[in-house]
Amino acid sequence: MTTLALGLGGVGLLCTFGVALWFPLAAVVLWVLFLETSPDIWLAGLVGGYEVIIGAMKGIGLALALALALRGGVKSDRYNPGVAYGAMFIAGLAHGLYPGLSLLSSLRSLVGSAAPFAFGFVKPPSGWSRAVVRTVIAAPFCTVLFGVVLQLAGVHVMYDLEQGALRLGASGEPAFLAGFALIGIYAGLVVLSAGVRRMEVVWLLVNFAVLFATGARVPLALAVLVTVFAVLQPYSPVAARGKIMFLAACGALASLAVIFANALSFIRVFDLVQLGEAVNLSHRDLVWPYFESAIANSPWVGWGVGAGKYVLPVTSTLSASIGTNAAHNEYLRIGAEGGFIGLALLAVFIGLWAWRGSRFLPRAQRRLLRLIFIAFALHAATDNVLIATTSSIFFVWVSALFATASNRPKGDL
């Protein structure tokens, strides 16, 4: 089965590479759409091979990047965060890998961790960046429609029940759909920062509805925070009257939410507030001590890229009982893999990458994108934003913005 899967995966990568060479816009649109359907959930449920599917999806991303590089050439990306992962990998080998982590597994993790940043090194063809932005905005809604199809076909249930409250997952899981919707909101807000357009507002509301239906608290809070900044910032295209109406609408919605909270308790966000159980639903406090212990035993350089998968073995009783061995905190995971030095290096590279890449954007978009990176850093304290499939979508979107920022007319996206 493994040999067959690898063979099919190799054929798939070659086909993807060929399609991307001739039809780069169609290739990236299809890749983003397919990735956002969470094939590691619904497809793995049909044929198995969870890890193989995730690897294949990231491999397809690398094939797309290589095809774009052959078409348009490569460019310097001085502060690309993938470089930080390379340094962490070398340091891990010099120090010694975590018990159970092999060289091959660490190398695979290095490729998987750096893959989302590969598009930063290529010069995309005309129209490619716009296609990425538009697809990222529309993809969460397409995922919901695909989830309806899978539900009707009896392949995958599109919602979960958690403590009696509904959580929309569409074709994947609620947490992943929430991440994709949040990125769609970010992308829509950047577009709106160039000029208010009715259709963009509609897409923003759609993505907010999807995010709300997932019941994900932190992504929803970050989306609201960034949206308020985008509307109220001094360089926002929204006029003063529009800002007043926006604040009034927010107040009205908040009031309605309080009034009808009991009636809406079947929705997870309201249910958690009503029950006062909005803390630690992912059992993070049970997982974090394992990573803290790993950091304490090698605080400076960590245990190598990929060690996060072995700190809490997937075969352990705790992992089986809570359904995951993920850290739900990227600072602890990176700290275990790269130590304080690796964590600081990665944080500095991401910060410089965001600062340098956004410098040619119009002022409103530049400020908003930098705030989005701050929100991303806050999100990293509660979710796996660097290793989940959402990271591939987030960083290909960012790379698309950076690719044309220096020569795009102000306000054009």
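The values are calculated or read from the model by the stated rules, or taken from the named source; none is laboratory data. Not measured: the values here are computed from a predicted model. Heads up, the Cβs are rebuilt from the backbone with ideal geometry, glycines too, and the neighbour counts pull from every protein chain shown. For accessibility, only protein heavy atoms count, side chains too; no ligands or nucleic acids. Shrake-Rupley method; radii C 1.70, N 1.55, O 1.52, S 1.80 Å.
From Gly45, Gly7, Gly86, which residue is at pLDDT below 85, small (Gly, Ala, Ser) and either assigned to a helix (DSSP H, G or I) or under 25 Å from Ala326 (Cβ atoms) (or both)?
Result of the check over Gly45, Gly7, Gly86: Gly7.
Would a scan of the range 117-124 turn up a residue that is in contact (Cβ under 8 Å) with a residue 60 or more places away in the chain, in a loop (DSSP other than H, G, I, E, B) and buried (at least 22 other Cβ atoms within 10 Å of the Cβ)?
Checking the range 117-124: at least one residue is in contact (Cβ under 8 Å) with a residue 60 or more places away in the chain, in a loop (DSSP other than H, G, I, E, B) and buried (at least 22 other Cβ atoms within 10 Å of the Cβ).
Only residues that are within 18 Å of the chain's Cα centre (by Cα) and open to solvent by 30 Å² or more (accessible area, probe 1.4 Å): list them for the range 59-71, please.
Those that are within 18 Å of the chain's Cα centre (by Cα) and open to solvent by 30 Å² or more (accessible area, probe 1.4 Å): Ile60, Leu62.
Asp77 passes all but one of (1) within 27 Å of Gly147 (Cβ to Cβ); (2) at pLDDT below 95; (3) not hydrophobic (A, V, I, L, M, F, W, C); which number fails?
That leaves (1) as the condition not met.
The rows are residues; the columns are (1) part of a helix (DSSP H, G or I); (2) among the basic types (Lys, Arg); (3) on the phi < 0 side of the Ramachandran plot; (4) crowded, with 21+ Cβ neighbours inside 10 Å.
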{"site": "Ala170", "(1), (2), (3), (4)": "no, no, no, yes"}
{"site": "Gly184", "(1), (2), (3), (4)": "yes, no, yes, yes"}
{"site": "Leu189", "(1), (2), (3), (4)": "yes, no, yes, yes"}
{"site": "Val196", "(1), (2), (3), (4)": "no, no, yes, no"}
{"site": "Val202", "(1), (2), (3), (4)": "yes, no, yes, no"}
{"site": "Leu205", "(1), (2), (3), (4)": "yes, no, yes, no"}
{"site": "Pro219", "(1), (2), (3), (4)": "yes, no, yes, yes"}
{"site": "Tyr235", "(1), (2), (3), (4)": "no, no, yes, no"}
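Quick check on the range 303-317. Is at least one of its residues open to solvent by 30 Å² or more (accessible area, probe 1.4 Å), under 18 Å from Asn384 (Cα atoms) and in a helix (DSSP H, G or I)? So that I can check it myself, show each step before the final result.
Keep residues of the range 303-317 that are open to solvent by 30 Å² or more (accessible area, probe 1.4 Å), which gives 303, 309-310, 313-315, 317.
Among the residues that remain, those that are also under 18 Å from Asn384 (Cα atoms) are: 309-310, 313-314.
After this cut, where a residue has to be in a helix (DSSP H, G or I) as well, the list is 309-310.
Checking the range 303-317: at least one residue is open to solvent by 30 Å² or more (accessible area, probe 1.4 Å), under 18 Å from Asn384 (Cα atoms) and in a helix (DSSP H, G or I).
Can you say whether Gly411 is modelled with pLDDT under 95 and either over 13 Å from the mean Cα position of the chain (by Cα) or buried (at least 21 other Cβ atoms within 10 Å of the Cβ) (or both), as far as the supplied structure shows?
Yes: the conditions hold for Gly411.
Which of (1) β-branched (Val, Ile, Thr); (2) free of Cβ contacts under 8 Å to residues at least 24 places away in the same chain; (3) touching a strand residue (DSSP E or B) at 6+ places or on another chain (Cβ under 9 Å) does Val144 not meet, given it meets every other one?
Just one mismatch for Val144, condition (2).
So, in the range 163-197, how many residues would count as being hydroxyl-bearing (Ser, Thr, Tyr) and modelled with pLDDT of 90 or more?
Total meeting the criteria: 2.
Any idea which of Val348, Val398 is part of a helix (DSSP H, G or I), open to solvent by less than 20 Å² (accessible area, probe 1.4 Å) and at pLDDT 95 or above?
Values: Val348 fails: open to solvent by less than 20 Å² (accessible area, probe 1.4 Å).
On inspection, the qualifying residue turns out to be Val398.
Scan the range 351-381 residue by residue and report those that are of a type outside the set (Lys, Arg) and not in a helix (DSSP H, G or I).
Ser358, Phe360, Leu361, Pro362, Ala380, Ala381
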